[in-house]
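**Q** My structure is below; once you've seen it, I'll send some questions.
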Amino acid sequence: MKQLEYFLADEEATIAIGTGLATALKKELTQQALVVYLNGDLGAGKTTLTRGFVRGMGHQGNVKSPTYTIVEPYDLANWRVFHFDLYRLADPEELEYMGIRDYFNDDCCCFIEWPEKGSGLLAKADLTITMAYQDEQRVIKLQAESVRGEQIITELAHIIEL
Ligand SMILES: Nc1ncnc2c1ncn2[C@@H]1O[C@H](COP(=O)(O)OP(=O)(O)OP(=O)(O)O)[C@@H](O)[C@H]1O
Ligand SMILES: [Mg+2]
């Protein structure tokens, strides 16, 4: 499966997709870096989705938006999860100073809001997620960009059906 699309009636539905992605990832047998690009206008739900993912990966505290910090790290049992928001990045070179390459190791999951602001310096995405407004609600499209991305959204489709 290369593409998946859902209507998200409320915030809980957005969180459920994020949690479902965590469940899909945890089912994999080998550990490998996962890179997810999050597209969508301001307020479309990118941080909300990531919150569901980070909680699904086992984090129990707050998940705040990395708007001012650029990146929020979560050190979890088997994974390091990095939530990026590149909206305020003035120059992609800032990512070089942050040591961006170290964020794409095999024990790392990176969820990246506003990835176009870091173009040229980010690892290639496994999944591109696009969130859009539909009146007060949202629609989410997941596009696989690698074979592994395809496996993850195929698994996600099973999980969401349950
Ligand atoms: N499916 C949904 N239906 C209605 N509201 C939603 C839905 N999903 C998330 N929201 C709401 O949208 C608001 C903004 O969400 P969020 O902060 O996740 O957006 P964002 O895409 O990360 O924005 P930014 O680009 O500013 O970081 C939140 O108040 C959240 O509760
Ligand atoms: Mg956000």
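**Q** Restricting to the range 27-82, and then to whatever is in a helix (DSSP H, G or I) and among the β-branched types (Val, Ile, Thr), can you tell me which residue is surrounded by the most Cβ atoms within 10 Å (Cβ to Cβ)?
**A** Looking at the filtered set, the residue picked out is 50.
**Q** Still on this model: List every residue pair whose Cβ atoms lie under 6 Å apart, where the two residues are 6 or more positions apart in sequence or sit on different chains, the first residue falls within the range 58-80 and is closer than 24 Å to residue 117 by Cβ, and the second residue, located anywhere, is within 12 Å of ligand 2 (Cβ to nearest atom) and assigned to a loop (DSSP other than H, G, I, E, B).
**A** 72/66
**Q** Working only within the range 1-15, note down all residues that are under 16 Å from residue 155 (Cα atoms) and surrounded by fewer than 18 Cβ atoms within 10 Å (Cβ to Cβ).
**A** Across the range 1-15, the qualifying residues are 1, 2, 3, 5.
**Q** I'd like to know if the range 60-70 contains one or more residues that are within 19 Å of residue 123 (Cα to Cα), of a type in the set (S, T, N, Q) and within 13 Å of ligand 1 (Cβ to nearest atom).
**A** Within the range 60-70, none of the residues are within 19 Å of residue 123 (Cα to Cα), of a type in the set (S, T, N, Q) and within 13 Å of ligand 1 (Cβ to nearest atom).
**Q** Also: Going residue by residue through the range 127-139, is there one that turns out to be under 15 Å from residue 5 (Cβ atoms), more than 16 Å from the chain's Cα centre (by Cα), at pLDDT 95 or above and buried (at least 18 other Cβ atoms within 10 Å of the Cβ)?
**A** Scanning the range 127-139 turns up at least one residue that is under 15 Å from residue 5 (Cβ atoms), more than 16 Å from the chain's Cα centre (by Cα), at pLDDT 95 or above and buried (at least 18 other Cβ atoms within 10 Å of the Cβ).
**Q** For the range 83-94, name all the residues that are within 14 Å of ligand 2 (Cβ to nearest atom) and either closer than 30 Å to residue 30 by Cα or not in a loop (DSSP other than H, G, I, E, B) (or both).
**A** Result: 83, 84, 85, 86.
The values are calculated or read from the model by the stated rules, or taken from the named source; none is laboratory data. Keep in mind the model is a prediction, meaning the values are calculated, not measured. Please note: Cβ atoms are built from the backbone with ideal geometry, for glycine as well, and neighbour counts cover all protein chains shown.
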